[in-house]
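Everything on this sheet refers to the single structure shown next.
Computed from the coordinates by the stated procedures, all read-outs in this text should not be read as laboratory data. Model, not experiment: these values are computed from the prediction. Cβ placement follows ideal geometry from the backbone for every residue including glycine, while neighbour counts extend to all protein chains displayed.
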Amino acid sequence: MDDRDKTVTVGALMLIAGGIIGAGAALLFAPQSGKKTRQDIVKYSRKAKRRAGNMVDDFSESVSEMVDAVGEKASDILDKGKDLAQDAKRELLKTTEDGQHQLEKQKSRLAKLIG
């Protein structure tokens, strides 16, 4: 989840929370009976609970997807690191063998010169 997605999520949560608070305040100051007001509060609180549950589910799903994506990237990076290490090992062995071969050639050349 990038910064833009986080900003959108936080903005959506703030908007919903503001709507819930505004609805509750409107109910408390509305000219109606206490019984009707309590019924409306229960109705809106149930609706708010359902919305909050949906938001939590959506947020959990987003976090889960983000964790999966990070895990995949880490696995890819690890695989690339292993490949690079193997390539470096092969190159080092080849260079060492080439060096040994050159030493043998020089040893033979020197032996011929000496006698």
### Summary
Quick calc: nm separation of the 7 Å Cα→Cβ label points for Ile16 and Asp79 -> 3.6
### Query
Any idea how many Lys pairs in the chain come in under 25 angstrom at the alpha carbon, given 8 or more places apart or on separate chains?
16
### Query
Between region 85-100 and region 1-44, what's the alpha-carbon centroid distance in Å?
67
### Query
Could you give P(r) for the chain, binned at 10 Å from zero, as whole percent values over all Cα-Cα pairs?
11, 19, 14, 12, 10, 8, 7, 7, 5, 4, 2, 1, 0
### Query
For labels at Val70 and Gln32 in the simple 7 Å Cα→Cβ model, what's the distance in nm?
4.5
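Would you kindly state how much longer the chain becomes between Val56 and Ser108 on full extension, computed as 0.36 nm times their sequence separation minus their alpha carbon distance, in nm to one decimal?
11.0 nm
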### Query
Quick one: Cα convex hull volume of region 52-104, Å³ per residue?
28
